[in-house]
Amino acid sequence: MDVAADLAATAPLWLPMVGCLAVLLAETLSPNRTGKLPALLAGATLALALVRLATTSPTSRQPFGVLADDALARSLTGLLLVIGLAVVVMAEPLLERLALARGEFFALMLASLSGMVLLVAARDLLVLFLAIELLSIPLYVLAAFRRLSSPSLESGFKYFLLGAFASGFLVYGIALLFSTVGDTRYSALAALSRDPAHLGTVWNVGCAMLLVGLGFKVAAAPFHAWTPDVYQGAPTPVTAFMAAGVKTAAFGALLRLAIEILPDTASLRTGIAVLACISMVVGNLGALMQTNLKRLLAWSSIAHAGYLLVGILAVVAGAEAAARDAVVFYLASYSLTTLAAFAWIEHLGRETPALQDLRALKGLARQRPWLALALTLCFLSLAGVPLTAGFLGKYFVLKAAFELGTALLVPMIVLALTSVIALGYYLRVLATLYMERPANEDAPAPLLFAPAGLALLTAVASGALLLFGMWPAPLLRWLAS
Amino acid sequence: MNDLLLAGVILGPLAAALLIALWPRLAPEPARLLTLLVTVATFAASLPLLLTDLGGGMTHQLDVPWIAALGIRFHLGVDGISAPLVVLTTLLMPLVVLASYGHVHDRVRQYCVLLLAMEAGMIGVFAALDLVLFYVFFEMSLIPLYLVIGIYGGARRTYAALKFVLFTVAGSLLLLLGILYVMHATGSADFAALRRATLSVREQAWLFAAFAAAFCVKVPLVPFHTWLPDAHVEAPTGGSVILAGVTLKMGTYGLLRFCLPLFPAASVEHAPLLLTLAVVGILYGALLAWAQTDLKKIIAYSSVSHLGFVVLGIFAMQSTAATGATLQMINHGLSTGALFLLIGMIYERAHTRQLADFGGLARTMPRFAICLVFATLSSIGLPGLNGFIGEFLILIGTWRDHALAASLASLGVLLGAIYMLGLVKGLLFGPVVHPKTATWRDLNLREMLTLAPLFALMIALGFAPRPLLKRIEPAVERMLEAPRLAIEGK
């Protein structure tokens, strides 16, 4: 094993880790006086990792025997690094304004990010477990980062309790799979799963438990109960990190499992289809009742997990190549959309529940047309209206599912019909922005807090939604490389 | 050969919308004037579409790849069915802008941007020859209309706009599934390629259901019509004109363009159902219209009735009837467009739309009275005006194979005359009811100019429909080829 070459290939994985240590070191050498240094360090390491990723090309080698360096791992790594950069831009002004420990925040964020990057490359169940824990534990702390705010504490605590519970399922599932094969490497497991006749109950239960564990991380119903509270209570940049980053990483892992290990059995198909349908129905119906923007996005993220599971289902059922690209594209467009939406919320400085309420946005289009337009683009993309990236994501997933003929027709019809419900609440936000009169006609809604970096992030992300919706070729090329 | 005219007609308004949106500190009135000029220019640019000798095939085609990875092409083209509808759209838009001087005084720039974006989407619907592109335009025209109804509409505008969108989207998402299945089964989304492809009878039945669901909601066919009165009543005048004049035609156009030639066996199989729904729509719509007291609701339900005639003509599977149906799409756009404009004009003066509040306007507003009578006569199909030709062709075409449907439908003509003349009588004659009637000015020059093109076309099409019919007929024939074969095969 050539350690130097393996290290070179995994640079995007350990660079955030190094960044994390550098931030901690800086913080130790000069406690509480580091200013913008942690953010700069974090941004620099992420940018460096992106450059490293862009200047090398995928290989078939398996670094350290347990990781992948293929196109799938690299495209998702790139996506995660971009998400990380966006979260740095989003978090810095908030931390400064609330005088929170910036060094700790960015160190934890980078640690969690390296867990995400590890997760999408893992080709061994134990590495998968390690990566999930590395991703989760810093995130529990981040969710509770506003120590004096009780919703934030509640968010962190809830996430921790239920996350620990889900980890239990995951590790038990891994143990069961290990007991059938005597190995945790994907290659060994794949060899067995190619012959479904040998798969016994233990294998099936193991797979089911793995699904439960990952289902919790991607916020799929019925493992979604934590999502609205955690999303609402956590500081908005952390919520964005959870919504975009965790979803991308956990779906990346699920995608790899589906491609390499999960056999195409009737019970597994049914299981994933049921999860997908429940997520779409529960997520969309739940969102219908919400008046808080962050909660609304939390419920909608449950629904989107359902849409993505339809893509995973297509992979399991045999439409591997097309469905893989579809899921990766969907993850990219969804991440971009949620980042834009949360950056928008953060841009308005809406950290208190009263300001996240839809009613506070009445008639915003009259007073701040550009801000209203940015949020409009986000919600149209979430709703999957043509000419936005969100539409192409949905179109791509459905097209991949149709490669199998009418085998997956039921989840697809559920997808189409629940999208109508979804449009109901997404358009309600638009109605609030455009069709209602502002509470105070004369004075524009106060912009509590509008740093330039966030304005730029919101503008770029929501503009990109439109651009990629009409001209996705560059994004597709980037994801495929 | 690629012809850029259609792309220009679509992208021109879109570019203008972008310009108006982005131009810093553009005052409302210059923006409206610019919109008027752009829409007039678009109309002028679209005229060659109609003047080309169409001969039944697609002309002015543009076919370039758009999103290659997803199999989406930017394929445009028009024939004798779509060219008149494109021109109807470009004709109505400047009139809608002219009418907006009377009732849109707030957020004018936004209104202009929405109108232009909508125009691009609607032209795209009629010109798209790729199914996915068609879907994109179908949805693209929806959101601006949602905002126009929701921002500029009446008291219950938010509800009405949402209802309109949800009904349409529920249908159109099934359409999307259908399109994706067609792509999977035939490997193409291109209209020309699909006409050569053959789908099994079972596949056709499901696909027909998915496509027809989207289009029947849009038409709207009874029992999917409940969104229409709400949307019409709450929409501003411009929204109503576009809704009735253009967007409803997307449904009937889709049935004729996609359902008949692509799923001929299923179309023949389900024709009796569609014919029944059409006749029910004609009669039920007319009876509902008769019972209304709100002027806009009367016209809204009359649209349900009139569009029933169009569906009847299409599913009679007979070239005279289908030609009449296509002509009737244009006629309905002209006469209902004029009626909604007139109702908008009287509403701007009276701020009420209740029939009971009016009376005796013939004495105080003679010009308005003449215009209203004229539009009404066109709408109820008086010989010599356009409406007669369309209805007559539909009825004689349908009579051959479906005598019962035709005779029941002709009852609808009678009912139409009853409620429309009732409306005229209530508004124009009898004693003056509203105390302020005397203060209402008669139509001014701008308003007359808004109506004039519609009246000119009503007369022209009434006396000389031949040039237009000559263009429609061969195109309709091509759409009917496949269903004919299916009938013979049975």
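Right, B:L361: farther than 24 Å from B:M448 by Cβ and touching a residue at least 60 places away in the same chain (Cβ under 8 Å) or not? Before the answer, list the steps.
Numbers: farther than 24 Å from B:M448 by Cβ: no; touching a residue at least 60 places away in the same chain (Cβ under 8 Å): yes.
So B:L361 does not fit the description; no.
So which residues in region A:366-375 are at the interface with another protein chain (Cβ under 10 Å from one of its Cβ atoms) and surrounded by 22 or more Cβ atoms within 10 Å (Cβ to Cβ)?
None; the set is empty.
Every residue in region A:249-297 that is within 28 Å of A:I421 (Cα to Cα), in contact (Cβ under 8 Å) with a residue 40 or more places away in the chain, assigned to a helix (DSSP H, G or I) and not aliphatic (A, V, I, L, M), please.
Step one: of region A:249-297, the residues within 28 Å of A:I421 (Cα to Cα) are A:249-252, A:254-255, A:268-297.
Subsequent filtering for residues that are in contact (Cβ under 8 Å) with a residue 40 or more places away in the chain retains A:249-252, A:254-255, A:268-269, A:271-273, A:275-288, A:290-297.
Still in the list and also assigned to a helix (DSSP H, G or I): A:249-252, A:254-255, A:268-269, A:271-273, A:275-288, A:293-297.
Matches in region A:249-297: A:F251, A:G252, A:R269, A:G271, A:C277, A:S279, A:G283, A:N284, A:G286, A:K294, A:R295.
In this structure, is B:Y152 closer than 16 Å to B:T35 by Cβ and among the aromatic types (F, W, Y)? Walk me through how you get there before you give the answer.
On the way: closer than 16 Å to B:T35 by Cβ: yes; among the aromatic types (F, W, Y): yes.
Yes: the conditions hold for B:Y152.
Here is a list of conditions, (1) of a type outside the set (S, T, Y); (2) surrounded by 17 or more Cβ atoms within 10 Å (Cβ to Cβ); (3) in contact with a Leu (Cβ under 9 Å, 6 or more places away or on another chain), and A:Q62 meets all of them except one; can you say which number that is?
Checking A:Q62 against (1) of a type outside the set (S, T, Y); (2) surrounded by 17 or more Cβ atoms within 10 Å (Cβ to Cβ); (3) in contact with a Leu (Cβ under 9 Å, 6 or more places away or on another chain), the one that fails is (3).
Among A:P38, A:P12, A:P31, which is over 23 Å from A:A131 (Cα atoms), at pLDDT below 95 and in a helix (DSSP H, G or I)?
Details: A:P12 fails: over 23 Å from A:A131 (Cα atoms); A:P31 fails: in a helix (DSSP H, G or I).
A:P38 is the lone residue from the list that is over 23 Å from A:A131 (Cα atoms), at pLDDT below 95 and in a helix (DSSP H, G or I).
Answer yes or no as to whether A:A439 is modelled with pLDDT under 90, surrounded by fewer than 18 Cβ atoms within 10 Å (Cβ to Cβ) and on the phi < 0 side of the Ramachandran plot.
Working: modelled with pLDDT under 90: yes; surrounded by fewer than 18 Cβ atoms within 10 Å (Cβ to Cβ): yes; on the phi < 0 side of the Ramachandran plot: yes.
Criteria met by A:A439.
State all residues of region B:59-69 that are touching a residue at least 24 places away in the same chain (Cβ under 8 Å) and surrounded by fewer than 21 Cβ atoms within 10 Å (Cβ to Cβ); if no residue qualifies, say none.
Within region B:59-69, the subset touching a residue at least 24 places away in the same chain (Cβ under 8 Å) is B:59-64, B:66.
If the condition is that a residue be touching a residue at least 24 places away in the same chain (Cβ under 8 Å) and surrounded by fewer than 21 Cβ atoms within 10 Å (Cβ to Cβ), then B:T59, B:Q61, B:L62, B:D63, B:V64, B:W66 are the ones that fit.
Would you confirm, using the coordinates I've provided, whether A:V385 is part of a loop (DSSP other than H, G, I, E, B) and out of contact with any Cys (no Cβ under 8 Å at 6 or more places or on another chain)?
Answer is yes for this residue.
Table: residues versus (1) surrounded by fewer than 22 Cβ atoms within 10 Å (Cβ to Cβ); (2) out of contact with any helix residue (DSSP H, G or I) (no Cβ under 9 Å at 6 or more places or on another chain); (3) hydroxyl-bearing (S, T, Y); (4) part of a loop (DSSP other than H, G, I, E, B).
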| residue | (1), (2), (3), (4) |
| --- | --- |
| A:L153 | yes, no, no, no |
| A:A164 | yes, no, no, no |
| A:S167 | yes, no, yes, no |
| A:L170 | no, no, no, no |
| A:G173 | no, no, no, no |
| A:A188 | yes, no, no, no |
| A:G213 | no, no, no, no |
| A:F216 | no, no, no, no |
| A:P222 | yes, no, no, yes |
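Here is a list: A:A332, A:A305. Which entry is under 22 Å from A:R428 (Cβ atoms), in contact (Cβ under 8 Å) with a residue 12 or more places away in the chain and either in contact with a helix residue (DSSP H, G or I) (Cβ under 6 Å, 6 or more places away or on another chain) or buried (at least 24 other Cβ atoms within 10 Å of the Cβ) (or both)? Reasoning before the result, please.
Working: A:A332 fails: under 22 Å from A:R428 (Cβ atoms).
Being under 22 Å from A:R428 (Cβ atoms), in contact (Cβ under 8 Å) with a residue 12 or more places away in the chain and either in contact with a helix residue (DSSP H, G or I) (Cβ under 6 Å, 6 or more places away or on another chain) or buried (at least 24 other Cβ atoms within 10 Å of the Cβ) (or both) holds for just one of A:A332, A:A305, which is A:A305.
Return yes when B:A214 is in a helix (DSSP H, G or I) and either crowded, with 24+ Cβ neighbours inside 10 Å or in contact with a helix residue (DSSP H, G or I) (Cβ under 9 Å, 6 or more places away or on another chain) (or both) and no when it is not. Before you say what the answer is, go through the steps one by one.
On the way: in a helix (DSSP H, G or I): yes; either crowded, with 24+ Cβ neighbours inside 10 Å or in contact with a helix residue (DSSP H, G or I) (Cβ under 9 Å, 6 or more places away or on another chain) (or both): yes.
Spelling it out, B:A214 is indeed in a helix (DSSP H, G or I) and either crowded, with 24+ Cβ neighbours inside 10 Å or in contact with a helix residue (DSSP H, G or I) (Cβ under 9 Å, 6 or more places away or on another chain) (or both).
Test B:L457 against the stated conditions and say whether it is within 26 Å of B:S100 (Cβ to Cβ) and assigned to a loop (DSSP other than H, G, I, E, B).
Details: within 26 Å of B:S100 (Cβ to Cβ): yes; assigned to a loop (DSSP other than H, G, I, E, B): no.
It is false that B:L457 is within 26 Å of B:S100 (Cβ to Cβ) and assigned to a loop (DSSP other than H, G, I, E, B).
Condition check ((1) within 14 Å of chain A (Cβ to nearest Cβ); (2) within 23 Å of B:P84 (Cα to Cα)) across all residues:
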site	(1), (2)
B:G171	yes, no
B:L174	yes, no
B:T186	yes, no
B:A189	yes, no
B:A209	yes, no
B:A214	yes, yes
B:V217	yes, yes
B:I242	no, yes
B:L248	no, yes
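Being in contact with a Leu (Cβ under 8 Å, 6 or more places away or on another chain) and either among the charged types (D, E, K, R) or not in a helix (DSSP H, G or I) (or both) is the filter; apply it to region B:1-24 and report the residue that is nearest to A:G463 (Cα to Cα).
B:L4
Given (1) under 22 Å from A:A459 (Cα atoms); (2) of a type outside the set (K, R); (3) surrounded by fewer than 17 Cβ atoms within 10 Å (Cβ to Cβ), identify the lone condition not met by A:I83.
Of (1) under 22 Å from A:A459 (Cα atoms); (2) of a type outside the set (K, R); (3) surrounded by fewer than 17 Cβ atoms within 10 Å (Cβ to Cβ), only one is false for A:I83: (3).
Only residues that are of a type in the set (S, T, N, Q), in a helix (DSSP H, G or I) and more than 21 Å from the chain's Cα centre (by Cα): list them for region B:156-205, please. Quick ask: steps written out before the conclusion?
To start, the set of residues in region B:156-205 that are of a type in the set (S, T, N, Q) comprises B:158, B:168, B:172, B:186, B:188, B:198, B:200, B:204.
With the extra rule that they be in a helix (DSSP H, G or I), the set shrinks to B:158, B:168, B:172, B:186, B:204.
Across region B:156-205, the qualifying residues are B:T158, B:T186, B:Q204.
Tell me which residues, restricted to region A:381-406, are within 7 Å of chain B (Cβ to nearest Cβ), surrounded by 22 or more Cβ atoms within 10 Å (Cβ to Cβ) and more than 14 Å from B:L180 (Cα to Cα).
A:V385, A:P386
Would you say A:L268 is of a type outside the set (V, I, T) and within 25 Å of A:F468 (Cα to Cα)? Spell out the reasoning first.
On the way: of a type outside the set (V, I, T): yes; within 25 Å of A:F468 (Cα to Cα): no.
So A:L268 does not fit the description; no.
Taking region B:174-202 as the search range and keeping residues that are among the charged types (D, E, K, R) and in contact (Cβ under 8 Å) with a residue 12 or more places away in the chain, which one is nearest to B:D63 (Cα to Cα)? Lay out the reasoning, then the answer.
Restricting attention to region B:174-202, the residues satisfying the condition of being among the charged types (D, E, K, R) are B:190, B:195-196, B:202.
So of that shortlist, the ones also in contact (Cβ under 8 Å) with a residue 12 or more places away in the chain come out as B:190, B:195.
Working: B:D190: 10, B:R195: 17 Å.
For region B:174-202, the residue satisfying everything is B:D190.
Do the conditions hold for B:A83, that is, is it away from chain A (no Cβ under 14 Å), of a type outside the set (V, I, T) and buried (at least 24 other Cβ atoms within 10 Å of the Cβ)? Give the derivation first.
Details: away from chain A (no Cβ under 14 Å): yes; of a type outside the set (V, I, T): yes; buried (at least 24 other Cβ atoms within 10 Å of the Cβ): yes.
Here the answer is yes, as B:A83 does meet what is asked.
Could you check, for region A:407-427, whether at least one of its residues is part of a loop (DSSP other than H, G, I, E, B) and either touching a residue at least 12 places away in the same chain (Cβ under 8 Å) or closer than 17 Å to B:M183 by Cβ (or both)? Reasoning before the result, please.
Quick first cut of region A:407-427, residues part of a loop (DSSP other than H, G, I, E, B) only: A:407-408.
Imposing the further condition that a residue be either touching a residue at least 12 places away in the same chain (Cβ under 8 Å) or closer than 17 Å to B:M183 by Cβ (or both) reduces the set to A:407-408.
The answer is yes; a qualifying residue exists.
Can you name the condition, by its number, that B:R107 falls short on among (1) among the charged types (D, E, K, R); (2) touching an Asp or Glu at 6+ places or on another chain (Cβ under 9 Å); (3) within 14 Å of chain A (Cβ to nearest Cβ)?
Every condition holds for B:R107 apart from (2).
Would you check which residues across region A:271-283 are crowded, with 24+ Cβ neighbours inside 10 Å and either among the charged types (D, E, K, R) or closer than 16 Å to A:A225 by Cβ (or both) and list them? Break it down stepwise before answering.
In the first step, residues of region A:271-283 are kept if they are crowded, with 24+ Cβ neighbours inside 10 Å; the result is A:272, A:275-276, A:279-280, A:283.
Matches in region A:271-283: A:L275, A:S279, A:G283.
So, in region A:315-336, how many residues would count as being more than 18 Å from A:L81 (Cβ to Cβ) and either assigned to a loop (DSSP other than H, G, I, E, B) or within 13 Å of the chain's Cα centre (by Cα) (or both)?
4
Filter region A:424-433 down to the residues that are closer than 13 Å to A:L377 by Cα and not β-branched (V, I, T), then identify the one that is nearest to the other protein chains (Cβ to nearest Cβ). Before you say what the answer is, go through the steps one by one.
Pass one, region A:424-433, residues closer than 13 Å to A:L377 by Cα: A:426-427, A:429-430, A:433.
Filter once more, so that each one left must be not β-branched (V, I, T): A:426-427, A:430, A:433.
Working: A:Y426: 10, A:L427: 6, A:L430: 8, A:L433: 10 Å.
Out of the qualifying residues, it is A:L427.
Select from region B:123-158 the residues that are hydroxyl-bearing (S, T, Y) and closer than 26 Å to B:D106 by Cα and write down the one among them that is nearest to the other protein chains (Cβ to nearest Cβ).
Going through region B:123-158, the residues hydroxyl-bearing (S, T, Y) turn out to be B:135, B:141, B:146, B:152, B:158.
Remaining after also requiring closer than 26 Å to B:D106 by Cα: B:141, B:146, B:152, B:158.
Numbers: B:S141: 10, B:Y146: 7, B:Y152: 9, B:T158: 5 Å.
In this case the residue turns out to be B:T158.
The values are calculated or read from the model by the stated rules, or taken from the named source; none is laboratory data. The shown structure was predicted, so the numbers you read here are calculated from the model rather than taken from an experiment. FYI the Cβ positions are ideal-geometry reconstructions off the backbone, even for glycines, and counts take in every protein chain you see.
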